[in-house]
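What follows is calculated from the coordinates using simple rules that are stated; it is not laboratory data. All values derive from a computational prediction rather than experimental measurement. Backbone-built Cβ (ideal geometry, glycine too); neighbour counts: all protein chains shown.
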Amino acid sequence: MKKTTLLIPIIGLLWLTCVGQEEKATVNYQEVRIKEMNIGVQTWTFRKFSFFESVEKVKALGLKYLEAYPGQILSKDDPDVKFDHYLNEKQMDAVKQALGKAGITLAGYGVVKFENNEQSMREVFDFAKKMGIRTIVTEPDYDDFSLIEKMVKEYNIRVAVHNHPAPSRYARPEAVLRVVNGLDPRIGACADVGHWVRTGVNVIDGLRMLKGRILDVHLEDLDTFGSKDARTVPFGRGKTNIHDLLAELTLQHFDGILAIELEQEDETFNPSQIIRKGLEYIDSITYYKGYEELLSFRQGKYAKHGWNHYGPGYFELDRETGVLKTHGGMGLLWYSVKKYKDFVLELDFKCSDFKSNSGIFLRVPDVPVSDNYIYHSFEIQIDDASEGVHKTAAVYDAEAPKMNASRPTGEWNHYKITFKGSNIRVELNGKEVIDWMAEPRGKVADFAREGYIGLQNHDWETSVSFRNIFIKEIE
């Protein structure tokens with residue numbers, strides 16, 4: 001009986017690994033539109049300096065997040081005081097003031113060790129609560145996480161299991177998965193990808209294996225794979241595969257912190273210089289720079305906060321994937337948080353049938369209380385079965401697309417819609433299909449200078465799904 005019990009997690013992990021490898025072969029990471037990540041610094045990067053000096057260095061890099069480690073000198077003026085969970089109230093207030101002045105959020109704390117007893121854990125969790133820390137990073141030397149789970153539920157603070165290189169306990173992702181699988185989702189992994197590379201773990205395979213459990217990432221790029229002597233290089237120049245890493249985290253809807261942690265010890269090593277070069281690379285491959293995602297994502301779930309619905313039918317949201325699906329109609333799901341003037345709106349859509357019908361409404365002038373909005377705002381059409389001014393990518397009833405750029409029914413399409421002044425520009429799957437100086441035409445009697453964004457649900461016979469709804473205001 002015991003042998004069978006032991007085999008179950010091993011077989012499960014092998015299955016997860018095989019599935020991850022199979023999925024990897026089907027993903028073209030070059031086609032993934034990488035989202036803007038929350039990037040910060042793990043203060044171990046600046047371990048030769050004090051905590052307060054580290055705050056200034058992170059600010060100078062233009063970053064907004066910081067993860068602190070226990071044991072760093074708090075201030076160069078008092079080297080006997082260390083940053084850890086034993087700081088007194090006055091010292092914690094000084095830390096908060098320094099962070100607030102710099103505009104930096106203390107998002108994580110670790111790697112911290114606590115014993116498997118309530119007193120030891122509460123000391124760390126109480127400190128994290130007082131400091132507003134979202135994630136505690138640790139490497140427990142025990143398998144019983146029941147007390148950790150109790151603390152996580154009580155404090156609503158996440159715990160991420162960190163990996164040092166082999167032969168450490170959690171060097172490989174399957175070791176982390178073994179202890180967190182089945183626990184509260186706020187218990188997961190701090191994926192130290194630099195240490196994975198030193199150990200010889202394929203970073204993308206590791207991320208896939210821990211999908212849904214990655215709470216924190218320690219980010220470093222190295223020049224050699226599978227060697228403890230590997231040297232740090234700027235992001236994008238080494239073996240970590242930063243592009244695909246960010247693409248995979250985008251697909252996983254990662255909402256934690258990418259905490260830059262550079263391990264190199266050379267006396268002449270300049271972490272800030274390496275980081276700046278690496279950030280330039282990350283910036284160059286990030287697609288959604290300066291965009292706002294219109295579906296909120298919190299604690300691993302999507303929500304329709306800020307969206308209201310008018311008319312018959314409804315939109316169903318898959319909270320895990322962020323996919324909205326139309327049901328019935330004709331109604332309008334509109335984003336009520338604010339009105340937009342000039343903007344770039346991007347989203348993916350997929351039709352269930354060749355006759356699927358929907359659309360994206362631009363600058364709806366007022367809160368919809370009747371169908372009157374259709375006469376005062378433009379609709380970018382979704383309808384492959386129609387032609388001309390009623391076909392997919394048309395400005396409905398006003399301007400026909402230059403070409404047919406739709407993908408086959410059942411595949412995801414991508415819209416990039418720019419509305420600046422009176423100019424409407426539509427790109428469908430990377431091809432410009434509309435570039436039009438808008439004027440009242442067809443059903444539209446007039447249009448507003450600003451308004452709400454809306455998605456249409458049309459009928460019960462077919463459906464249209466939407467995902468990755470991003471907007472960027474422009475001047």
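Would you mind counting up the charge near Lys341? Only other residues with Cβ under 14 Å from its Cβ, with Lys and Arg at +1 and Asp and Glu at -1. Could the numbers behind the result be given before it?
Numbers: positive: Lys338, Lys339, Arg363, Lys420, Arg449, Lys472; negative: Asp342, Glu450, Glu473, Glu475.
Charge balance near Lys341 sits at +2.
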Inset, instruction - Output the relative contact order of the stretch 265-368, whole-number percent, from Cα pairs under 8 angstrom with separation of 6+ residues. - result: 17
Inset, instruction - Give me the lysines in straight-line cross-link reach of Lys228: C-alpha distance below 16 Å, same-chain residues under 8 apart excluded. - result: Lys239
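Going by how many other Cβ atoms sit within 10 Å of their own, how do Lys35, Lys129 line up, fewest first?
Going from least to most buried by this count: Lys129, Lys35.
Round to the nearest 0.05 the FRET efficiency obtained for Leu183 and His305 when R0 = 25 Å and r is the Cβ-Cβ distance.
On the way: r = 27 Å, r/R0 = 1.08.
Taking R0 as 25 Å, the efficiency between Leu183 and His305 is 0.40.
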Legend entry - Counted charge near Trp436, where neighbours are those whose Cβ lies closer than 14 Å (Asp, Glu -1; Lys, Arg +1): -3
Legend entry - the chain - share of DSSP beta bridges that are antiparallel (%, nearest 5): 70
Inset, instruction - Name the lysines eligible as straight-distance cross-link partners of Lys402: C-alpha to C-alpha under 26 Å, and not fewer than 8 places from it in the same chain. - result: Lys341, Lys350, Lys355, Lys391, Lys416, Lys420, Lys431, Lys443, Lys472
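FRET efficiency for Asp397 and Glu293, Cβ-Cβ distance as r, R0 = 41 Å, nearest 0.05? If you can, show how the numbers build up before the last one.
Working: r = 30 Å, r/R0 = 0.73.
Computed FRET efficiency for Asp397 and Glu293: 0.85.
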Inset, instruction - Tell me what the chain gives for mean residue ellipticity at 222 nm when only DSSP H runs of n ≥ 4 count, each as -39,500 (n - 2.57), the sum divided by the residue total, rounded to 500 deg cm²/dmol. - result: -7500 deg cm²/dmol
Legend entry - Label point 7 Å beyond Cα of Trp460 along Cβ direction - residues of the stretch 305-319 with amide nitrogen under 19 Å: 310-316
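Can you tally the net charge around Ile104? Count Lys and Arg as +1, Asp and Glu as -1, for every other residue whose Cβ sits under 15 Å from the Cβ of Ile104. Don't jump to the answer; show the numbers that get you there.
Numbers: positive: Lys57, Lys59, Lys64, Lys96, Lys101, Arg134; negative: Glu53, Glu56, Glu67.
Neighbourhood net charge equals +3.
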Legend entry - Relative contact order (%) - the chain, alpha-carbon pairs under 8 angstrom, separation at least six: 13
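Only Cα pairs under 8 Å and at least 6 apart count here; give the relative contact order of the stretch 211-343 as a rounded whole percent.
Numbers: 174 pairs, mean separation 24.1, N = 133.
Computed over the stretch 211-343, the figure is 18 percent.
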Inset, instruction - Pop the C-beta distance of Lys341 and Arg231 into the FRET formula with R0 = 56 Å and round what comes out to the nearest 0.05. - result: 0.70
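In the stretch 31-289, what percentage of the DSSP-assigned beta bridges are antiparallel, given to the nearest 5? Don't skip to the end; give the middle numbers.
Details: 5 of 36 bridges.
Restricted to the stretch 31-289, the bridges split so that about 15 percent are antiparallel.
Sort Phe49, Phe470 by Cβ crowding within 10 Å, fewest neighbours at the top. List each step's numbers first, then the result.
Details: Phe49 17, Phe470 21.
Lowest to highest Cβ neighbour count: Phe49, Phe470.
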Inset, instruction - Give me the distance in nm between label points sitting 7 Å out from Cα along the Cα-to-Cβ direction at Glu115 and Glu387, one decimal. - result: 8.1
Legend entry - Rounded Å value of the spacing that divides the Cα centres of the stretch 324-359 and the stretch 195-241: 38
Legend entry - Cα point-scatterer Debye curve for the stretch 22-170, base-10 log of I(q)/I(0) at q = 0.11, 0.15, 0.16 Å⁻¹: -0.50, -0.85, -0.93
Legend entry - Under 17 Å from Lys76, Cα to Cα: aspartates and glutamates that are on another chain or at least 8 residues apart: Glu53, Glu56, Asp84
Inset, instruction - Using every Cα-Cα pair within the stretch 31-289, state what percent have a distance larger than 29 Å. - result: 27
Inset, instruction - Just the ratio, please: alpha-carbon radius of gyration of the chain over 2.2 N^0.38 Å, N its number of residues. - result: 1.10
Inset, instruction - Going by C-beta contacts inside 10 Å, put Tyr69, Tyr281, Tyr86 in order with the fewest on the left. - result: Tyr86, Tyr281, Tyr69
